[in-house]
Amino acid sequence: MTARPANAHQARLLRLLRDDGPHSRAQLGDRVDLSRSKLAVEVDRLLETGLIVADGLAASRGGRRSHNIRLAPALRFLGVDIGATSVDVAVTNAELEILGHLNQPLDVRDGPVAVFEQVLAMTGKLRATGVAPDGFDGAGVGVPGPVRFPEGVPVAPPIMPGWDGFPVREVLSQELGCPVMVDNDVNLMAMGEQHAGVANSVQDFLCVKIGTGIGCGIVAGGEVHRGTTGSAGDIGHIRVEPDGRPCACGNRGCLEAYFSGSALARDAEAVARDGSSAELAARLE
């Protein structure tokens, strides 16, 4: 199944069912700004696509009881989180419950062809367990660099040589046979926090990730703000020290050169070795 919502109304209905579970038609009508006849048309079209199913009788509201509507239990989605030094691949159902997950080390500097060979091999291993017998209805991919979101293409990612302009969305969509969304990994983290984390009750927030690099997901008015080139949250390469430490991007004095995970580990090791911290020296042994 690779059906997709045909319009914004259908997408809104699917999000409601994903986030809040089964609804009757009457309950859906209370939540969306659609006439009764228009709602019936959109629900019937979604039923025809197989994206939703009727499931049990809804509570009575004084008249004839209708069926609850829920997302189809057979829906399967693939999530791929590509980091600088590792990759996670997971399969979820429509409620975003994780049905299978694999993590492996990798070096993103090996380039997109090698990385996606590994991703597809991991995907095959997960499918072999039976978690996605009919393939995938959609896939989401996070990468550690700026992305031109409408095209799903990395844009001059500082720590990803060979990835600039690589058609990630197009290549994976062909391989998987389903729609694929590609975004910066921290933007996706922000969306996750907005959906089911600490930011699920706010409309404006920043999500900062410190790992091999430093990135920031910017959410304002409930929407992710990426900037025209996808680099709005690329705070790791803001220069904080003129002619400072060399950075992996090729410039000097970037925030990442001082406060990324690798920079902090390097500084901690130096302090441990020069005797400035007995505690860190003990950890190093």
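Overview of results
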read-out: Residues within the range 203-229 that are part of a loop (DSSP other than H, G, I, E, B) and touching a Phe, Trp or Tyr at 6+ places or on another chain (Cβ under 6 Å), tallied; value: 1
read-out: Residue ID - nearest to ALA132 (Cα to Cα), chosen from residues in the range 22-33 that are at pLDDT 90 or above and in a loop (DSSP other than H, G, I, E, B); value: PRO22
read-out: Of residues in the range 94-108 being at negative phi and at pLDDT below 95, the one surrounded by the fewest Cβ atoms within 10 Å (Cβ to Cβ); value: GLU97
read-out: Qualifying residues in the range 193-223 (those that are closer than 20 Å to GLY83 by Cβ and in contact (Cβ under 8 Å) with a residue 40 or more places away in the chain) - the one surrounded by the fewest Cβ atoms within 10 Å (Cβ to Cβ); value: ILE210
read-out: Those residues of the range 151-202 which are of a type in the set (A, V, I, L, M, F, W, C), out of contact with any helix residue (DSSP H, G or I) (no Cβ under 8 Å at 6 or more places or on another chain) and in a helix (DSSP H, G or I), in sequence order; value: VAL186, LEU188, MET189, ALA190, MET191, ALA196
read-out: Top-ranked residue of the range 242-255 - restricted to ones that are at pLDDT below 95 and either aromatic (Phe, Trp, Tyr) or under 14 Å from ILE214 (Cα atoms) (or both), ranked as surrounded by the fewest Cβ atoms within 10 Å (Cβ to Cβ); value: CYS249
read-out: Filter result for ASP243 (farther than 20 Å from PRO146 by Cα, charged (D, E, K, R) and in a loop (DSSP other than H, G, I, E, B)); value: yes
read-out: Filtered residue count, the range 2-14, keeping only those that are out of contact with any helix residue (DSSP H, G or I) (no Cβ under 6 Å at 6 or more places or on another chain) and at pLDDT 90 or above; value: 6
read-out: Residue count, the range 121-143 (criterion: surrounded by fewer than 16 Cβ atoms within 10 Å (Cβ to Cβ) and part of a helix (DSSP H, G or I)); value: 4
read-out: In the range 11-43, residue surrounded by the most Cβ atoms within 10 Å (Cβ to Cβ) [restricted to those that are in contact (Cβ under 8 Å) with a residue 40 or more places away in the chain and not hydrophobic (A, V, I, L, M, F, W, C)]; value: HIS23
read-out: Residue list for the range 170-188, restricted to those being surrounded by 20 or more Cβ atoms within 10 Å (Cβ to Cβ) and closer than 22 Å to THR85 by Cα; value: LEU172, VAL182, ASP183, ASN184, ASP185, VAL186, ASN187, LEU188
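The values are calculated or read from the model by the stated rules, or taken from the named source; none is laboratory data. Computed from a predicted model, the values in this text were never measured in an experiment. We place every Cβ from the backbone using ideal geometry, glycine too, and count neighbours over all the protein chains shown.
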